[in-house]
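Engineer: Below is the structure I would like to discuss, written out as structure tokens.
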Amino acid sequence: MKVVGLMSGTSADAVDAALVDWPEPPEVRPFRLLATHEDPLPDSLRERIHGLAAGRVSGPDVLRETLALDIELAERFAASVRAVAEAAGLPLGAVDAVASHGQTVAHHPELRGTLQLGDASVIAERTGLTTVADFRGRDLAAGGEGAPLAPFFHWAALSDPEEGRLVLNLGGIANVTWLPSGGRPEEVVAFDVGPANALVDGVVAVHTEGREHMDVGGARARRGRVDSGLLERLLDDDFLRRAPPKSTGRERYGTAEAEALAARAVAEGRELDDLVATLTVFTAEAVAGAWRDHLAAGGASLDRVLVGGGGVRNPALMDALAEAFGACPVEPLDAAGVPSDAAEAMAFSLLGRNALLGLPNHLPRCTGASGPRVLGVIVPGRPSESS
């Protein structure tokens, strides 16, 4: 089954599309990645998404802006479907379905509520393809956190009979999946750790008044010096101490937190590069602490750390992770046969495939749901001209 997976992460920097050909069920391997496509989001659109997520849209306009973004993002998602099919050399009619995570603008598991934008009906209408979306809602309804969902793919595609692997995704938020060697799905543990790129991107944007949006290549972190006092304060975080399952997002580690950190840095005379260096090491130390406190403490033995997401392109962050994990190898996901930049889109391709087959597509232990469910709302494709 050929399914396009679509992902727009917490950073809202791009729409990632992956077209994957999955084998007959219930098998997942061997799968074939046929093509990928990245559609960078313009600064103006990213700022609108972040503004809505941060509650910066005024009361009378919030519903209108939510609806506008819902449709505008769906149009971009549909364009990405067409682009990835073209990259694979396939007509749209040769693709079986689309699976879209959407763009998260609110995630409040304590309310059993979540909101991802990108209207699935628009995607289905523009592409003519059956579209699966709204994956988080059913998990939340079943008592889960609605996240993380990618661990289902991590287990299916990356588990190994010989190695204990920690899969780390560094998007706006850092999340980990523990895959014990030869482990069954009910033995997998996964949870959000805390911020990855969200705070670094945020403080850079605030300090430069929008002229920069990220620490390109880790250059600022390389130039800066880590402030040990600030690092200690950052690591004194109740979310980091909280036991899994747990999830978080920009509502905690987003624009408001970045602005507060930037303002405090100015008040204390701290240079931007020093703040970025400290936040970079904070991310690495938080991940290592999550391994140590929530996994190794239970007797888990680690052979390899596999890293995906945008953070893999930041050498300063990868070096900080290597130092934090010591002798344990820290490598991009590519070393295990999954392109780092495509992993999350591939994950939703698999979730969509299973939804269409009526097969469970999450790991309840990782999300906290009361049991296995089939996640996703299915919007049928457009009827063919001959029907």
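Engineer: In the range 230-328, which helices (runs of 4 or more DSSP H) lie fully inside it and hold 2 or more residues that are of a type in the set (Lys, Arg) and not assigned by TED's automatic domain parsing to the domain that holds Val105?
Structural biologist: Details: elements: 238-241, 250-253, 255-267, 272-294, 315-325.
In the range 230-328, 250-253 are the helices (runs of 4 or more DSSP H) which contain 2 or more residues that are of a type in the set (Lys, Arg) and not assigned by TED's automatic domain parsing to the domain that holds Val105.
Let's see how each residue does on (1) of a type in the set (Gly, Ala, Ser); (2) under 15 Å from the mean Cα position of the chain (by Cα):
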| residue | (1), (2) |
| --- | --- |
| Gly102 | yes, yes |
| Pro109 | no, no |
| Gly118 | yes, no |
| Ser121 | yes, no |
| Thr127 | no, no |
| Gly146 | yes, yes |
| Val167 | no, yes |
| Ser181 | yes, no |
| Val200 | no, no |
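Engineer: Also, I was wondering about something else. Just to be sure I understand the filter: pairs with C-beta atoms under 6 Å, separated by 6 or more residues or on different chains, first member in the range 23-40 and touching a residue at least 12 places away in the same chain (Cβ under 8 Å), second member in a loop (DSSP other than H, G, I, E, B) and not charged (D, E, K, R). Which pairs pass?
Structural biologist: Hits for this filter: Phe31/Trp22; Leu34/Ala88; Ala35/Ala88.
Engineer: On to the next question. Among all residue pairs at least 6 apart or on different chains, which show Cβ distances below 6 Å where the first residue, located in the range 178-205, is closer than 26 Å to Ala156 by Cβ and the second is modelled with pLDDT of 95 or more and of a type in the set (Lys, Arg)?
Structural biologist: Leu179/Arg165
Engineer: Against the conditions (1) of a type outside the set (A, V, I, L, M); (2) more than 24 Å from Thr104 (Cα to Cα); (3) touching a His at 6+ places or on another chain (Cβ under 8 Å), where does Thr255 fall short? Just the number, please.
Structural biologist: (2)
Engineer: Evaluate the range 92-108: report whether one residue or more is among the small types (Gly, Ala, Ser) and assigned to a helix (DSSP H, G or I).
Structural biologist: Yes, because at least one residue in the range 92-108 is among the small types (Gly, Ala, Ser) and assigned to a helix (DSSP H, G or I).
Engineer: Another question, then. State whether one or more residues within the range 31-39 are within 14 Å of Asp96 (Cα to Cα), surrounded by fewer than 23 Cβ atoms within 10 Å (Cβ to Cβ) and assigned by TED's automatic domain parsing to the domain that holds Asn361. Write out each step before concluding.
Structural biologist: Looking only at the range 31-39, we keep the residues that are within 14 Å of Asp96 (Cα to Cα), and these are 34.
Applying the additional criterion that residues be surrounded by fewer than 23 Cβ atoms within 10 Å (Cβ to Cβ) yields 34.
This time we only want the ones that are assigned by TED's automatic domain parsing to the domain that holds Asn361, so: 34.
Checking the range 31-39: at least one residue is within 14 Å of Asp96 (Cα to Cα), surrounded by fewer than 23 Cβ atoms within 10 Å (Cβ to Cβ) and assigned by TED's automatic domain parsing to the domain that holds Asn361.
Engineer: Report, by residue number, each residue of the range 143-185 that is of a type in the set (Asp, Glu) and either buried (at least 23 other Cβ atoms within 10 Å of the Cβ) or assigned by TED's automatic domain parsing to the domain that holds Ala133 (or both). Steps first, answer last, please.
Structural biologist: Filtering the range 143-185 for residues of a type in the set (Asp, Glu) gives 145, 160, 162-163.
Passing the criteria: only Glu145.
Engineer: Also, I was wondering about something else. I'd like the full set of residues that are small (Gly, Ala, Ser) and touching a strand residue (DSSP E or B) at 6+ places or on another chain (Cβ under 7 Å), limited to the range 114-141.
Structural biologist: Correct list: Gly118, Ala120, Ser121, Ala124, Ala133, Gly137.
Engineer: Shifting gears a bit: Of the residues Ile71, Ile49, which is more than 20 Å from Gly128 (Cα to Cα), in a helix (DSSP H, G or I) and among the hydrophobic types (A, V, I, L, M, F, W, C)?
Structural biologist: Working: Ile71 fails: more than 20 Å from Gly128 (Cα to Cα).
Unique residue meeting the criteria: Ile49.
The values are calculated or read from the model by the stated rules, or taken from the named source; none is laboratory data. Please read these numbers as outputs of a predicted model, since none were measured by experiment. Glycine also receives a Cβ, built like all others from the backbone with ideal geometry; neighbour counts cover every protein chain displayed.
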